[in-house]
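Okay, so here's the structure we're looking at.
The values are calculated or read from the model by the stated rules, or taken from the named source; none is laboratory data. None of these values were measured; they are calculated from a predicted model. Every residue, glycine as well, gets a Cβ built from its backbone with ideal geometry; the counts of neighbours run over all protein chains shown. Areas reflect the complete protein model, heavy atoms only, side chains present, ligands, DNA and RNA absent. Shrake-Rupley method; radii C 1.70, N 1.55, O 1.52, S 1.80 Å.
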Amino acid sequence: MAEFNNVHSVTEMPEGDDAKRSFHHRMFLEPQEKKRSMKALVVKQAKKSCSCTPAKVKDYVFSFFPVLQWLPKYKLREYLLGDIMSGVIVGVLLVPQSIAYSLLAGQEPIYGLYTSFFASIIYFIFGTSRHISVGIFGVICLMVGQVVDREIQRAGYDLEPAALSDLADTAAYVNTTISSVNWTAQKLLCDKSCYAITVGATMTFIAGVYQVAMGFFQVGFVSVYLSDSLLSGFVTGASFTILTSQAKYLLGLDIPRSSGIGSLIATWVNIFRNIHKTNVCDLITSLLCFLVLIPTKELNEHFKSRLKAPIPVELVVIVAATLASHFGKLRETYGSSVAGHIPTGFLPPSPPDWNLIPNVALDAIPIAIIGFAITVSLSEMFAKKHGYSVKANQEMYAIGFCNIIPSFFHCFTTSAALAKTLVKESTGCRTQMSGMVTSLVILLVLLVIAPLFYSLQKCVLAVITIVNLRGALRKFKDLPKMWHLSRVDTVIWLVTMAASALISTEIGLLVGVCFSMLCVIFRTQRPEAPLLGWVAESETYESLSAYKNLQTKPGIVVFRFEAPLYYINKECFKSTLYKQTGVNPVWVKTAKKKAAKRMLREKEVDPGGNQTSISMDFVSEPLGFHTIVIDCCAVQFLDTAGIRTLKEVCKDYREIDVQVLLAQCNPSVRSSLIRGEFFKEGEDHLLFHSVHQAVDFALGAQGHSGTSASK
């Protein structure tokens, strides 16, 4: 059934058979009038944005501070027990991980505890997800640590991580009871650990500003370019870099931390060059910790449905290792590296170093994008699972403020973490009140327990970090299944993983995004373009190459192009159409012209016309079909090159007496065709709602022309 887009009244129908056929195949649609006055839209949006009523202010405040919505409705008896239980368990797990991941970020252990404490409180106020756990995330810590090491080197410090240096025992930040005079003096004598957290906090501030800006300008669409396969490959690749950065602590080696392109390979080269300097005490301790942590973690996962709470094996290992190191005097006897002094209480707030912003502003971009992409994806995943909704834009605000505010309190960058979120959900979490309980657990450690970890070996922290990488490294087991589901996604995963591990994390992310976009372009550049056949006793047409027992209508070729038609694939469209139909109209026209010229020459040589029969037969040789129906159901849009290509195809085939009909064009494509003046006067009837209607029209037209010819 044909369609007129610009017809506003019924036109006079032709008489006789033409009238029947036209009435059967034509349908008149009156398009909606689209008001596209930019001025009206701007005025409307300005009035909406600038109007201020009490109700609107209230709605804005409640949406910006979601805690004001759900906290008054908190069901104490129903929710409290689960929130307390999950909060305590996550807090117990978070304490050792915070200390361990501080080492990864190039910071002292105390700063990891600060980060986890403030992040939980701020997300409690701004977040819309009831289940995610916001805090330290390994990949983000790695990216922060790489920038911190680079800036420390630029500032003239040595490359040994400041987190656990012996200088920290006697230099700045000795305890939280120092006087303001001493505090000023220590600021003037800022050592490596002081400068490290300054760099980390400044970059955290900038990353938070980026995230809040993305929320304000509603550019969360950036995350759509980070597919699941890309993020998974990036995290796995970064996990290799994390493992490599921690390997030297397992062996007790004192080697500089490599950074930049190829840091993974450079680090392993340094490790093997210094393997003879391995500290046997640290190596044995690392092996013992692995033997305890890995089996217990596996038991936790295997029996998680039966256990009310996971076994806090990391905390047990840290306590046992600290006691063994203290009473065995492993530092004094064997030279093992230990955590050193961890002060209690809180340091006075201080602003970021504004002079450092030009140095770290670019590095903060991938950190901000990865942070909000992981947070938003986890929020939406658990919201869908538990039947509530989250606001992606508000989540960007929440994670942004989880970075901006703590940056004034000596913290580094945070995001949601899957492992801790799964623990939080499985142990009875109902609301973000559990996050407040987690903060109280960390506060207890900050105020009382932290100094007791003085003798904790660094190799134990490295083991905890590496063991927590098991989930990311296990993705290799899923590759066969992923390959079976989508080879393109598997290749994206492998490319992103390899680039993140072998080049650098930031470049790996960029490579993954660019490669994903190229895959999309390549898939539209060489799309499927089958010929279609008719399913008997129906109005359906399907691919002849995909299904058996399909029928074809005599003299009609049905062709489907399964991609947008634009400048990249226009040549592919033409070449595939010519190949599938077996007729290139340009070649046919050229051959006919040559045959006509040959016929004229032969006629001049033999006026009797005895030698022209072959040429005449060639000129009038039938093509095997008289109509091509192009199924446009998969063509999402046309650009100017696409419209021009369709015009050329129709013109070329028309010149060899083959008509081209378009079917199943969406409104966008129809609008583009009309604006591009695709149809000549009175040719609108060549546009059809379905392939079946186009085929019926072609059969009817051919029958009518045959009848006219016989008359």
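How large is log10 I(q)/I(0) at q = 0.13, 0.14, 0.20 Å⁻¹ when the Debye formula is applied to the Cα atoms of region 232-375, each weighted equally and without solvent? Ignoring solvent entirely, the Cα scatterers give -0.97, -1.09, -1.25. Loop-located chymotrypsin sites (Phe, Trp or Tyr not before Pro) across region 361-452 with a Cβ neighbour count of 16 or fewer within 10 Å are TYR388, with loop assigned by DSSP.
The LEU362 and ALA591 beta-carbon pair, evaluated with R₀ = 60 Å, returns a calculated FRET efficiency of approximately 0.50. Remark: accessible surface ordering of TRP534, TRP354 (largest first) is TRP354, TRP534, probe radius 1.4 Å. Put simply, the amide H of GLY340, placed in the peptide plane, has neighbours under 5 Å in LEU456, leaving out anything fewer than 5 places away on its chain. Remark: region 428-574 carries 48 Å² of accessible area per residue (probe radius 1.4 Å; ligands, DNA and RNA excluded).
Note on region 512-571: Cα Rg divided by 2.2 N^0.38 Å, N the number of residues, gives 1.48. Computed on the Cα trace of region 297-454, the radius of gyration divided by the Kirkwood hydrodynamic radius gives Rg/Rh = 1.02. Give me a comma-separated list of calculated 3J(HN,Hα) values for region 200-213, in order, Karplus coefficients 6.51, -1.76, 1.60 applied at θ = phi - 60°, integers in Hz, x for any Gly or Pro. Using θ = phi - 60°, the values come out as x, 5, 5, 5, 4, 4, 5, 4, x, 4, 4, 5, 5, 5 Hz. Take the Cα of CYS633, step 7 Å toward its Cβ, do the same at HIS386, and the gap between the two points is 4.2 nm.
Using only side-chain charges placed at the Cβ, +1 for Lys and Arg and -1 for Asp and Glu, the dipole size of region 430-486 relative to its Cα centre rounds to 280 debye.
Amide H contacts of GLU528 (H built 1.01 Å from N, in plane; Pro and chain starts excluded): GLU562 sit under 5 Å, all sequence-distant by 5 or more or on other chains. Accessible surface of ARG487, taken over heavy atoms with a 1.4 Å probe and every protein chain present, rounds to 150 Å². LYS594 sits with roughly 120 Å² accessible to a 1.4 Å probe, with DNA, RNA and ligands left out of the calculation.
For the set LYS58/LYS385; LYS297/LYS475; LYS248/LYS277, the pairs lying more than 20 angstrom apart at their alpha carbons are LYS58/LYS385. These residues, TRP70, TRP493, TRP587, go from largest to smallest accessible area, 1.4 Å probe, as TRP587, TRP70, TRP493.
Counting only the Cα atoms, region 43-123 fills a convex hull of 148 Å³ per residue.
The amide H of LEU661, built 1.01 Å from its N in the peptide plane, has ILE628, VAL629, ILE630 as neighbours under 5 Å, considering only residues 5 or more places off or on other chains. The 3J(HN,Hα) values that the Karplus relation (6.51, -1.76, 1.60; θ = phi - 60°) gives for region 551-567 are, in residue order, 10, 10, 7, x, x, 10, 10, 10, 10, 10, 10, 9, 5, x, 9, 9, 4 Hz. Gly and Pro appear as x. Among the listed pairs LYS384/LYS424; LYS592/LYS651; LYS44/LYS384; LYS304/LYS424, those whose Cα-Cα separation exceeds 23 Å are LYS44/LYS384. Rounded to the nearest 10 square angstrom, VAL57 shows an accessible area of 70 square angstrom against a 1.4 Å probe. Phi angles of region 105-115 translate, via the Karplus equation with coefficients 6.51, -1.76, 1.60 and θ = phi - 60°, into HN-Hα couplings of 7, x, 10, 6, x, 4, 6, x, 5, 4, 4 Hz per residue; Gly and Pro are given as x. Across every direction, the projection of the convex hull enclosing the Cα atoms of region 440-587 has a mean area of 17.9 nm².
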